[in-house]
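Bear in mind that the values in this text are calculations on the coordinates, not laboratory data. Computed from a predicted model, the values in this text were never measured in an experiment. Here the Cβ is made from the backbone with ideal geometry for all residues, glycine too, and neighbour counts use every protein chain on show.
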Amino acid sequence: MPDWLDQAVFYEIYPQSFCDSNGDGIGDLPGIVEKLDYLKDLGVNALWINPCFDSPFKDAGYDVRDYRKIAPRYGTNQDMARLFQQAHSRGIRVLLDLVPGHTSEEHPWFLMSGQAEENPYWGRYVWTDFCFQGADGLPFVGGEFPRNGTYALNFFKCQPALNYGFYQVRQPWQKPVDHPDCLATGQAIREVMRFWLDMGCDGFRVDMAASLVKNDDAQHSGTQAFWRGVRRMLDAEYPQAALVAEWGEPRQALAGGFHMDFYLNDENGYTRLARNYQGWREGRVEGQDRSFFKAGGCGIEAFWEDYLPRYQGSKDQGLFCLISGNHDTMRLRANLTPEEMKLFFAMLYTMPGAPFLYYGDEIGMRYLRLPTKEGGYFRTGSRTPMQWAPGENLGFSQAPAQALYLPVDPAPDAPTVAEQQEDGGSLLSFVRQMIALRLEHPALWSGAPFEPLTREGRLMAYRRGDILVAIAPAAGLRLKMDGAYAFLFTYGECGLESGWLTFDGPGVAVLERVRQGS
Ligand code: NOJ
């Protein structure tokens with residue numbers, strides 16, 4: 001395990017929308033470099049940047065046309081090398097987004113694979129052997145290429161599945177995982193990883209990590225075996241490089257060689273705890289009152305029931321991480337007020353695993369209702385330009401407003417970094433304080449022990465070594481203390497009275513056990 005992960009505090013950047021340095025209306029790599037001091041000041045020490053490689057952008061870059069080339073709209077490979085170097089000089093690591101499961105339908109490998117004559121790329125994708133033959137339950141496309149077959153898709157039509165083989169071979173056109181063509185696919189992806197790692201990249205967030213091998217078993221054993229091979233390569237050649245899976249099941253992902261995994265945006269205890277699950281596909285906000293962080297919200301039972309087995313079952317192998325949201329989720333602010341978001345962030349920065357914050361959540365950026373852009377659909381509303389300061393395009397770009405990649409939040413009270421930096425009571429200031437608190441206390445680091453103290457009801461309380469965290473979304477909640485404690489941090493109305501921690505309103509208390517003689 002790379003030793004820096006224990007103190008890692010991640011920040012996810014959607015490069016289209018972070019900072020436009022050249023006035024063309026879309027964010028770019030030099031723009032990210034310009035904002036590194038802001039990120040360092042916030043306490044962030046690791047980035048995850050969404051795909052920034054050459055692409056037709058039919059799925060915001062998750063359709064890669066050239067794995068080794070930065071998309072011209074973001075800059076050049078030299079700009080990326082400079083970003084690595086500038087980030088490192090500030091103690092910030094950079095993870096890129098690896099999309100190993102599929103390429104763009106415009107990738108040269110794929111165009112070659114569709115030719116009628118056999119060639120070295122014929123086995124690089126999942127092709128059947130007859131023009132009317134379906135792909136054994138996988139979504140497929142036919143009739144587009146001279147080759148007599150159909151090809152399997154992973155997600156959108158623009159994303160043909162790369163061939164890592166079939167765990168159970170049932171059809172003549174399916175190849176086993178150890179077929180030379182499948183091994184060559186894996187080798188090609190490992191070369192892509194080496195290419196960026198050699199330039200200074202610190203690791204990868206891996207897209208759809210669980211689904212490389214087809215007809216896999218319930219544990220994804222075939223796919224796990226592939227990633228364990230990748231991990232052996234990293235351990236031998238790049239021991240400080242980190243791998244975080246988009247898997248959502250840490251017991252599988254970490255046994256499969258990943259250092260970290262995080263919750264997906266499907267219906268699970270975490271999405272129900274933090275946001276309104278019901279409306280996530282459509283951008284609806286009804287049901288928002290059910291979030292735990294609301295005064296009238298749900299209890300913590302469903303979250304613990306979901307989280308604890310995943311945590312317990314994976315904690316010795318790596319990190320199960322919590323996210324504030326990402327480019328696939330609705331924004332937290334769609335469901336929570338900035339005050340309620342503070343309670344959420346108190347949890348995010350005191351729980352085990354490495355915390356991931358999605359750009360803009362630190363100021364409470366809103367979810368906007370927008371027409372789809374680059375395959376975003378409902379996700380588009382969470383991908384709008386970062387709001388740096390009041391004024392033109394909220395400081396994101398000097399392009400005319402109509403030339404922006406996506407519009408900025410038009411609300412007169414759209415939150416901005418500049419305003420919140422001046423305000424000690426702002427959400428941004430709160431996030432900065434929570435990150436500082438985490439980094440100051442090793443008991444709050446990613447891999448340090450964790451034990452829940454309340455199993456049900458409206459008070460969330462847990463212990464991290466000698467530190468006790470209590471989060472109360474409503475008044476009238478209390479916790480019996482098991483010894484002498486002193487406050488490290490408080491927010492809202494809370495106090496210690498005759499051995500009880502009490503809340504007279506929504507609040508957070510972080511306390512440290514007072515040892516006798518100390
Ligand atoms: C997951 C990514 O996070 C999402 O944005 C993308 O559309 C799909 N994988 C397909 O690559």
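Brief remarks on what is shown
- For the stretch 426-471, the Kirkwood hydrodynamic radius comes to 11.6 Å, computed from all pairs of different C-alpha atoms.
- Percentage relative contact order, the stretch 326-479, counting C-alpha pairs under 8 Å, at least six apart: 23 percent
- Added length on full extension, which subtracts the Cα-Cα distance from 0.36 nm per residue, D266 to R228: 11.1 nm
- Under the membrane-span-like helix rule (DSSP H runs whose alpha carbons stretch at least 27 Å along the helix axis, mean Kyte-Doolittle hydropathy -0.5 or higher), the chain yields 180-199.
- Taking 0.36 nm per residue of separation and subtracting the Cα-Cα distance, full extension of the segment from R515 to R369 would add 47.3 nm.
- Label-point separation, M1 to V141 (7 Å along Cα→Cβ), nm: 4.2 nm
- Difference of contour (0.36 nm per residue) and Cα-Cα distance, R68 to D482: 143.4 nm
- Based on the convex hull around the alpha carbon atoms, the chain presents an average projected area of 24.4 nm².
- Using a Förster distance of 51 Å, the FRET efficiency for W173-A81 (Cβ separation, nearest 0.05): 0.75
- Cα extents for the stretch 364-518 along the principal axes, largest to smallest and rounded to whole angstrom: 64, 32, 32.
- Against the empirical 2.2 N^0.38 Å (N residues), the stretch 111-229 has a Cα radius of gyration ratio of 1.08.
- Sequence-separation-based contact order of the stretch 61-145, relative, with Cα cut under 8 Å and 6+ spacing, percent: 24 percent
- Summary of packing: across the peptides 171-180, 348-357, the per-residue average of other C-beta atoms within 10 Å ranks them, highest first, as 348-357, 171-180.
- At R0 = 56 Å, FRET efficiency that the Cβ-Cβ distance of A448 and N215 yields, to 0.05: 0.90
- The label point for F130 and the one for E419, both projected 7 Å from the Cα toward the Cβ, are 6.5 nm apart.
- Rounded FRET efficiency, nearest 0.05, which uses the C-beta distance separating K157 from A389 and R0 of 35 Å: 0.30
- Residue pairs, from the table K69/K157; K69/K214; K58/K214; K157/K214; K294/K342, whose Cα atoms sit over 20 Å apart: K69/K157; K69/K214; K58/K214
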